[in-house]
Amino acid sequence: MTRPEFLHACCEVLGAMHVLTAPEDMAPYLTDWRGRFTGSAAAVLRPADTLQVAAVVALCAEAKVPLVPQGGNTGLVLGSVPDLAGNAVVLSLKRMNRIRAIDLVNNTITVEAGSILEEVQNAASKADRLFPLSLAAEGSCTIGGNLATNAGGTAVLRYGSMRDLCLGLEVVTADGKVWDGLRGLRKDNTGYDLRNLFIGAEGTLGIITAAVLKLFPQPKAQVTALAGLNTPQDALRLLAMAQATCAAGLTGFELMSACSVALVARHFPQMRTGFQDAHAQYVLLEISDSESEAHATAMLEAVVEEAMEGAVLCDAVVASSIAQSRALWSLREHITLAQAAEGKHVKHDVSVPISSIAEFIGQTDALLQQAFPGCRMVTFGHLGDGNLHYNVSAPEAMADEAFIQHQEAINLIVHDSAVRFGGSISAEHGLGMLKRDEIRRYKSDVEMELMTAIKKALDPHQLMNPGKVL
């Protein structure tokens, strides 16, 4: 099948208006979210339902056309954009955005892959339920992308990542067949867990088209506090205190370095910590409670009081209103935007055992300062689950372009350090193209052989999101 024949067949399945070939129409689908890379594609295909996805994938299999699944295109590792070869098609799932069902007794919601995360949160809220996944891109990222990258976000400590929040999947396989695994079961021990093969696979094994997700009762209250501390070790001590007092009620525990908060203050001067003095580290805590706001506030104040008496905290402020709570969370959510406004920087998404975080930060900071004196560590992230966004910005006096030339050396220092502490070079962003080759340095031969065998078994012609992960 020639390319014109293939595109004509796609038009017959999708309608000509949903087969984009003009450069100006394809452009938004070809560049990654950070604007670092622009790929090339033969077309952008926009199916409306699972049967259309299956038909298009079958055409790709027949014509040996590679395809790149794409949701909101908010990924950070070049996993949702095509390479420069120009022979692939982008399969955008944005039109597949229906909420198919809500089961209030089973506490599940069935949604299509193109559903925006925020819209799923809102649908759950209207049904007096909570879908707890929350991250900065929730207004534009999609459920399919969240599942393909096993997204984490700020509530993993209490609710887990997308792998934990998903009960069943609908998937189009590499040969265009549809696997209907949309089961709302919490127990199903009947063979290999196919669902978990596709979650986190970044579209390299099949295309997720719908999912059954867990819902939770809406908490009666959510209370937030911001704490100022001296060291990451103090933050770990505070985490232990909060877990002992609040148990599962502790839903958020975010670490932010002084540099992170200072960048937000510089580029968003309306945002303030509420503290008179600056601190070396900050922790944002959130407690969700099924009883009452008074009960939640009492628990949080008990944690703060204990930590102050034990000299773990330098200062703390407990939000007294929803508006103040949102303002505190805005500090955390604007770190990435502040970094972008500051200039180019080297991002890392690492995880290490929680008990090793303070030592990891201390040793890695020292190694980087030794190699690149004056570099600024913008360290923030989900301390409660061991995931740090350990980003490195240029020294004040160095031009961005000069600093970014050292990206490979910086990555080596950070990633070697994470793995030395028993960690991972990607906690929640995935591998994509960006870390595809680097992962070979850290995974064993056995792991790579097993991953390659799975890929060959499910995608023998190597058409599903080629060049990503492997």
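No value in this document is a laboratory result; all are computed from the given coordinates. Not measured: the values here are computed from a predicted model. Note: ideal-geometry Cβ built from the backbone for every residue, glycine included; neighbour counts use all protein chains shown.
Remark on ALA43: its backbone amide H falls under 5 Å from those of VAL90, a criterion applied only to residues 5 or more positions apart or on other chains, H modelled at 1.01 Å from N.
Counting 0.36 nm for each residue step from ARG98 to GLN370 and taking away their Cα separation leaves a gain of 92.7 nm. Applying the Karplus relation 6.51 cos²θ - 1.76 cosθ + 1.60 with θ = phi - 60° to the range 429-444 yields 3J(HN,Hα) values of 8, x, 9, x, 7, 5, 10, 4, 7, 5, 5, 4, 5, 10, 8, 6 Hz, where x marks Gly and Pro. Computed from phi, the 3J(HN,Hα) profile of the range 15-24 under the Karplus parametrisation 6.51, -1.76, 1.60 (θ = phi - 60°) reads x, 4, 5, 10, 10, 8, 10, 6, x, 5 Hz, with x in place of Gly and Pro. For the residue pairs LYS64/LYS435; LYS64/LYS347; LYS344/LYS455; LYS344/LYS468, alpha carbon separations beyond 31 Å are given by LYS64/LYS347; LYS344/LYS455. In this structure the amide hydrogen of CYS141, modeled in the peptide plane, comes within under 5 Å of the amide hydrogens of LEU117, none closer than 5 places in sequence on its chain. Each label was represented as a point 7 Å from its Cα along the Cα-to-Cβ direction; for GLU408 and GLU293 these points are 5.6 nm apart.
Computed over the alpha-carbon atoms, the range 1-144 gives an Rg to Rh ratio of 1.02, Rh here being the Kirkwood radius from the mean inverse distance. A simple count of charges around LYS187, restricted to other residues whose Cβ falls under 15 Å of its Cβ and scoring Lys, Arg +1 and Asp, Glu -1, yields +1. Would you mind checking the tilt of helix 232-246 against the longest principal axis of the Cα atoms of the chain, expressed as 0 to 90 degrees and rounded to 10? Computed tilt is about 90 degrees.
Express in whole angstrom the spacing between the alpha-carbon centres of the range 83-155 and the range 276-332. Each part's Cα centre sits 30 Å from the other's.
The amide H of ALA316, built 1.01 Å from its N in the peptide plane, has GLY228 as neighbours under 5 Å, considering only residues 5 or more places off or on other chains. Debye-formula intensities of the range 215-348, expressed as log10 I(q)/I(0) at q = 0.14, 0.21 Å⁻¹, are -0.63, -1.24 (one equal scatterer per alpha-carbon, no solvent). With helices as the sole contributors, the chain gives -11000 deg cm²/dmol at 222 nm; each DSSP H run of n ≥ 4 counts as -39500 (n - 2.57), and the sum is divided by every residue. Computed from Cα atoms, the angle from the helix 258-267 axis to the main principal axis of the chain rounds to 70 degrees. Using only the alpha carbons of the chain, what is the convex hull's orientation-averaged projected area in square nanometres? Its average projected convex-hull area is 22.7 nm². Quick check: the angle from helix 50-63's long axis to the longest principal axis of the chain, C-alpha only, nearest 10 degrees? With rounding to tens, the tilt is 60 degrees. The relative contact order of the chain, computed from alpha carbon pairs under 8 Å that lie at least 6 residues apart in sequence, is 15 percent.
A Förster radius of 22 Å combined with the Cβ-Cβ distance from ASP128 to ASP188 puts the calculated FRET efficiency at roughly 0.20. Here the Karplus relation 6.51 cos²θ - 1.76 cosθ + 1.60, evaluated at θ = phi - 60°, turns the backbone of the range 97-113 into coupling constants of 10, 7, 8, 7, 6, 10, 10, 6, 7, 7, 6, 9, 9, 9, 9, 7, 5 Hz, with x for every Gly and Pro. One quarter of the convex hull surface built on the alpha carbon atoms of the range 99-189 amounts to 6.5 nm², the projected area averaged over directions. The separation of the range 390-433 from the range 190-269, counted between C-alpha centres, amounts to 21 Å. Fully extending the segment from ALA85 to GLU119 would add 8.7 nm, taking 0.36 nm per residue of separation and subtracting the current Cα-Cα distance. Between GLU449 and LYS344, the FRET efficiency from the beta-carbon distance, with R0 = 30 Å, is close to 0.25. Apply 1/(1 + (r/R0)^6) to the Cβ-Cβ distance of LYS177 and CYS11, taking R0 = 30 Å, and write down the FRET efficiency to the nearest 0.05. That gives a FRET efficiency of 0.85.
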